[in-house]
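Asker: Got a structure for you, written out below as structure tokens; questions coming shortly.
All of the numbers you see were taken from the coordinates with simple rules; none came from a lab. Quick caveat, the model's predicted, so the values are computed rather than measured. Please note: Cβ atoms are built from the backbone with ideal geometry, for glycine as well, and neighbour counts cover all protein chains shown.
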Amino acid sequence: MKAGTLKRYFGIFVLPTLLCFLLVFVIPFVMGIFLSFTEFSTIESATFVGLANYKLAFRAGDGFLRSLGFTSLLALAVVAAVNLVALALALLLTKRIRFTSLFRGVFFLPNLIGGIVLGYIWNLLLGGILSYFGLDITYFASLGFLGLLLLSVWQLSGYMMVIYIAALGAIPKETEQAALVDGATPFQLLRYVKLPQILPSIAVCVFLTLTNTFKMFDQNLALTQGAPGRKTEMLALHIFRTFYGRIGWQGVGQAKGVMFFIVVAVLSGLQLYFTRQRKEKI
Amino acid sequence: MTKKQTNIVIYVILALLSALFLFPILLVVINAFKSKFFISTDPFALPFGDMFAGLENFRRGLSSVGFFAAVGRSVCITVLSVAVIVLFCAMCAWFLVRTPGRVSRLLYGAFVFSMVVPFPMIMYTATYLIDRVHLSNVLGMIPVYLGFGAGLSIFLYTAFVKTLPIELEEAAGIDGAGVLSTFFRIVFPLLSPTAITVAILNGMWIWNDYLLPYLVLGDKNKTVPVAIELAMQGAFGAVDLGGLMAMLILAILPILSFYLFAQRYIIEGITAGSVKG
């Protein structure tokens with residue numbers, strides 16, 4: 001097929017997707033950046049206000065910084081917990097045993113369930129446990145934090161486990177055997193032979209967990225709704241509420257959206273950097 | 001410890017962990033058959049005796065909020081959007097790879113870039129535009145999902161198209177095949193492994209998606225996740241927990257049955273999105 005002939009088919013092959021993409025992504029993205037410097041309650045009424053929205057977002061008592069802090073703290077806890085659990089599961093499942101695909105299937109299962117459903121499942125479970133102590137998940141922010149952490153471990157561990165299983169499976173058997181011949185203990189084998197060789201996958205999983213947690217919305221809405229007060233409100237929910245809960249604050253919501261994008265873009269950029277490094281090593 | 005004893009310990013640990021992972025789902029199943037007053041007072045008891053409600057929760061809970069219509073809508077949107085994404089993104093990715101140049105590079109860059117942008121950044125403006133062009137209805141969701149799904153799907157297809165030998169297509173051209181028949185007879189069938197991945201990833205996402213259909217379709221045209229969330233937004237004491245359990249089960253069931261058939265494809269497909277990098 002000559003590229004020249006093919007080019008005449010642009011309208012059939014590219015245009016349908018491109019039009020939809022322009023409509024729901026490119027134009028909204030450009031508009032979003034522009035509108036973050038304006039004040040508006042409907043888009044037609046936007047007036048330029050410079051950096052005022054960005055200043056308002058950081059004003060004390062707005063809750064943006066608090067939700068950024070809460071999200072970051074949760075993300076750190078989720079990254080540590082999910083990757084420890086996932087790595088442990090992967091190590092267990094790469095031992096030479098039977099039924100591995102059955103176990104793998106069970107651990108992966110929570111990944112398939114949507115965020116809203118996940119949130120209500122854990123609402124039921126944690127609510128049931130906490131009611132024995134006369135408590136509710138919305139009594140303390142720390143309970144909400146713990147709930148979101150447990151939910152995330154349950155949801156994400158299986159996914160990261162699959163990546164770790166692939167990485168552990170790709171380790172050349174010779175290195176492991178050589179270490180065993182040298183009399184390495186199981187801990188030394190893990191610490192000095194296995195972990196260094198799967199380091200690139202650890203980097204990928206850390207960043208995947210990080211970006212996933214940063215963008216979390218459905219689970220947050222269904223499990224705690226940000227309660228008590230708005231102390232367990234994560235970034236996505238906070239921005240949603242700035243847009244749709246406060247009339248005239250849409251511009252501030254948009255400014256927060258732009259800053260949220262920058263945070264996620266930086267995290268994704270770092271992830272890309274580490275992934276590229278991995279490829280170069282191979 | 002002998003090898004056999006170590007293995008037994010590992011099996012016991014794995015079995016316990018599996019039970020822990022399955023417990024939350026099991027809990028929903030148990031409570032779906034319990035009469036609604038006992039769900040909040042006694043969530044961990046098995047539904048025997050007084051507590052047993054048979055299919056009452058399913059009957060009452062599902063009819064109350066128009067849940068069956070929501071299931072129909074979700075199925076319709078998911079199936080049609082996935083079909084459109086699988087086809088059009090394959091066409092787009094193939095075209096971009098086979099017509100190298102500045103335009104193709106720019107378009108591919110834009111598609112990949114969209115994967116990095118979190119939804120809250122564009123949620124207000126995208127919802128506004130979708131509304132302006134009158135796509136805020138059930139069928140309108142199909143082009144909307146094509147636009148949102150294009151980034152990841154074209155990214156995955158492009159990686160695969162690059163591995164296809166161009167000689168096959170050149171041979172088809174020499175034999176007199178036109179552009180369309182070359183794509184549909186030769187290229188598209190070869191893309192099927194990636195097509196499966198693209199279908200699974202987008203299918204899971206669209207079926208489970210809450211915020212976009214909530215903003216675009218609202219509570220008039222509820223999808224399953226929106227219906228569940230709305231059912232829970234009622235005054236807290238008045239929430240029908242029994243009905244909720246039934247809804248949760250019906251939201252998971254299609255995915256679960258699909259998973260039992262195609263576990264390997266699903267696990268590979270879902271993780272492919274991340275590892276390819």
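Asker: For n ≥ 4 DSSP H runs only, could you compute -39500 (n - 2.57) per run for chain A, divide by its residues and tell me the 222 nm figure to the nearest 500?
Answerer: -21500 deg cm²/dmol
Asker: Once amide H atoms are placed 1.01 Å from N in the peptide plane, what residues at a sequence separation of 5 or more from B:Asp42, or on another chain, have their amide H within under 5 Å of its amide H?
Answerer: Close amide H contacts, sequence-distant or interchain: none at all.
Asker: Sticking with this structure for a sec: Name the residue from B:Ala251, B:Phe155, B:Val138 whose Cα lies farthest towards the positive end of the charge dipole of chain B, charges +1 on Cβ of Lys and Arg and -1 on Cβ of Asp and Glu.
Answerer: B:Phe155
Asker: Okay, next question. For chain B, take the longest principal axis of its alpha carbons; what is the angle in degrees between that and the long axis of helix B:3-32, to the nearest 10 within 0 to 90?
Answerer: 80
Asker: When N is the residue count of segment B:3-56, what does its C-alpha Rg come to as a fraction of 2.2 N^0.38 Å?
Answerer: Working it through for segment B:3-56, the quotient is 1.62.
Asker: So what J values fall out for segment A:265-274 if you push phi through Karplus, 6.51 cos²θ - 1.76 cosθ + 1.60 with θ = phi - 60°, rounded to Hz, Gly and Pro as x?
Answerer: Per-residue couplings from phi come out as 5, 4, 4, 5, x, 4, 4, 4, 4, 5 Hz.
Asker: Another question about this same structure. Over segment A:65-281, how many percent of alpha carbon pairs lie in each 10 Å bin up to the one with the longest distance?
Answerer: Calculated over all Cα pairs of segment A:65-281, the distribution is 8, 28, 31, 20, 10, 3, 0, 0 percent.
Asker: Another question, if that's okay. Loop-only check: which chymotrypsin sites (Phe, Trp or Tyr not before Pro) in segment A:212-282 are DSSP coil with at most 14 other Cβ within 10 angstrom?
Answerer: Passing sites in segment A:212-282 do not exist.
Asker: Under 10 Å, Cα contacts only: if you run a Gaussian network model on chain A, which one of A:Val106, A:Val264, A:Val117 comes out with the highest mean-square fluctuation?
Answerer: A:Val106
Asker: What does the charge add up to near B:Leu14, with Lys and Arg as +1, Asp and Glu as -1, over the other residues with Cβ less than 14 Å from its Cβ?
Answerer: Residues near B:Leu14 contribute +4 overall.
Asker: Moving on. Given a Förster radius of 56 Å and the C-beta distance between A:Phe140 and B:Glu167 as r, what FRET efficiency does 1/(1 + (r/R0)^6) yield to the nearest 0.05?
Answerer: 0.30
Asker: What does the extension gain come out to for B:Lys3 and B:Ser63, with contour length at 0.36 nm per residue minus their alpha carbon separation?
Answerer: Taking B:Lys3 through B:Ser63 to full extension adds about 16.0 nm, to one decimal.
Asker: Now, a different point. In whole Å, what are the extents of segment A:1-109 along the principal axes defined by its C-alpha atoms, from largest to smallest?
Answerer: For segment A:1-109, the Cα spread along each principal axis is 65, 61, 20 Å.
Asker: Are there any chymotrypsin sites (Phe, Trp or Tyr not before Pro) in segment B:17-92 that are in a DSSP loop and have at most 14 other Cβ atoms within 10 Å? List them by number.
Answerer: Loop-located and lightly packed - B:Phe44, B:Phe48.
Asker: Just name one of A:Trp122, A:Val78, A:Ser157: the one whose Cα is farthest towards the positive end of the charge dipole of chain A (beta-carbon charges, Lys/Arg +1, Asp/Glu -1).
Answerer: Selected residue: A:Ser157.
Asker: What residues qualify as long-range amide H neighbours of A:Thr38, i.e. H under 5 Å apart, gap of 5 or more or another chain, H built at 1.01 Å from N?
Answerer: A:Val49
Asker: Relative contact order of segment B:3-56: what whole-number percent is it, with Cα pairs under 8 angstrom and at least 6 residues apart? Working shown, then result.
Answerer: Numbers: 25 pairs, mean separation 16.6, N = 54.
Computed over segment B:3-56, the figure is 31 percent.
Asker: Here is a follow-up. Could you work out the longest stretch of chain B that avoids the trypsin sites (Lys or Arg not before Pro) located in DSSP loops with at most 11 other Cβ atoms within 10 Å?
Answerer: After excluding every exposed loop site, the longest remaining stretch is B:1-161.
Asker: Turning to a different aspect of this structure: Name the long-range amide H neighbours of B:Lys34: under 5 Å, sequence gap of 5 or more, or other chain; modelled H, no Pro or chain starts.
Answerer: B:Ala53
Asker: A:Phe34 to A:Ala179: extension gain in nm, 0.36 nm per residue of separation minus the Cα-Cα distance? Mind dumping the intermediate values first?
Answerer: Details: separation 145, 0.36 × 145 = 52.20 nm, distance 5.89 nm.
My answer for the length gained is 46.3 nm.
Asker: How much length is gained on full extension from B:Phe188 to B:Leu22, taking 0.36 nm per residue of separation minus their Cα-Cα distance?
Answerer: Computed gain between B:Phe188 and B:Leu22 is 55.9 nm.
Asker: Another one. Charges on Cβ only, +1 for Lys and Arg, -1 for Asp and Glu, centred on the Cα centroid of chain B; of B:Ile85, B:Ser74, B:Pro118, which one is farthest towards the dipole's positive end?
Answerer: Value: B:Pro118.
Asker: Looking at segment A:1-109, which trypsin sites (Lys or Arg not before Pro) are in a loop (DSSP not H, G, I, E or B) and have at most 15 other Cβ atoms within 10 Å? It would help to have the intermediate numbers written out before the result.
Answerer: Details: sites: A:Lys2, A:Lys7, A:Arg8, A:Lys55, A:Arg59, A:Arg66, A:Lys95, A:Arg96, A:Arg98, A:Arg104; in loops: A:Lys2, A:Arg8, A:Arg59, A:Lys95, A:Arg96, A:Arg98.
Filter output for segment A:1-109: A:Lys2, A:Arg8, A:Arg59, A:Lys95, A:Arg96, A:Arg98.
Asker: Within a Cβ distance under 10 Å of A:Val162, other residues only, what is the Lys/Arg minus Asp/Glu net charge?
Answerer: Details: positive: A:Arg104; negative: B:Glu268.
Summing Lys and Arg as +1 and Asp and Glu as -1 gives 0.
Asker: Report the local net charge at A:Asn53: Lys and Arg +1, Asp and Glu -1, summed over other residues whose C-beta lies under 14 Å from its C-beta.
Answerer: Numbers: positive: A:Lys55, A:Arg59, A:Arg246, A:Lys256; negative: A:Glu39, A:Asp62.
Summing Lys/Arg as +1 and Asp/Glu as -1 gives +2.
Asker: To continue, here is another question. For chain B, just say rounded, prolate or oblate: build the C-alpha gyration tensor, square-root its eigenvalues into a ≥ b ≥ c, call rounded for a/c under 1.5, and beyond that prolate if a/b exceeds b/c, oblate if not.
Answerer: oblate
Asker: From the phi angles alone, apply the Karplus equation (6.51, -1.76, 1.60; θ = phi - 60°) to segment B:163-168 and give each ³J(HN,Hα) in whole Hz, x where the residue is Gly or Pro.
Answerer: 8, 7, x, 6, 4, 4
Asker: Kindly provide the pair-distance distribution of segment B:1-150 built from C-alpha pairs, with 10 Å bins from 0 and whole-percent values in order of increasing distance.
Answerer: Calculated over all Cα pairs of segment B:1-150, the distribution is 9, 19, 20, 20, 20, 11, 2, 0 percent.
Asker: Please express the Cα-Cα pair-distance distribution P(r) of the protein assembly as shown as a list of whole percents, one per 10 Å bin, running from 0 to the bin with the greatest distance.
Answerer: Here the calculated profile for the protein assembly as shown is 3, 16, 25, 27, 18, 9, 2, 0.
Asker: Nearest 20 debye, what's the magnitude of the dipole of segment A:65-281 about its Cα centre given +1 on Lys and Arg Cβ and -1 on Asp and Glu Cβ? Walk me through the intermediate numbers first.
Answerer: Numbers: 18 positive and 7 negative charges, 55 e Å.
My answer is approximately 260 debye.
Asker: Something else now. Step through the residues of segment B:190-205 one at a time and calculate ³J(HN,Hα) from phi using the Karplus curve (6.51 cos²θ - 1.76 cosθ + 1.60, θ = phi - 60°), rounding each to whole Hz and writing x for Gly and Pro.
Answerer: My calculation for segment B:190-205 gives 5, 7, 4, x, 6, 4, 4, 4, 4, 5, 5, 4, 6, x, 4, 5 Hz in order.
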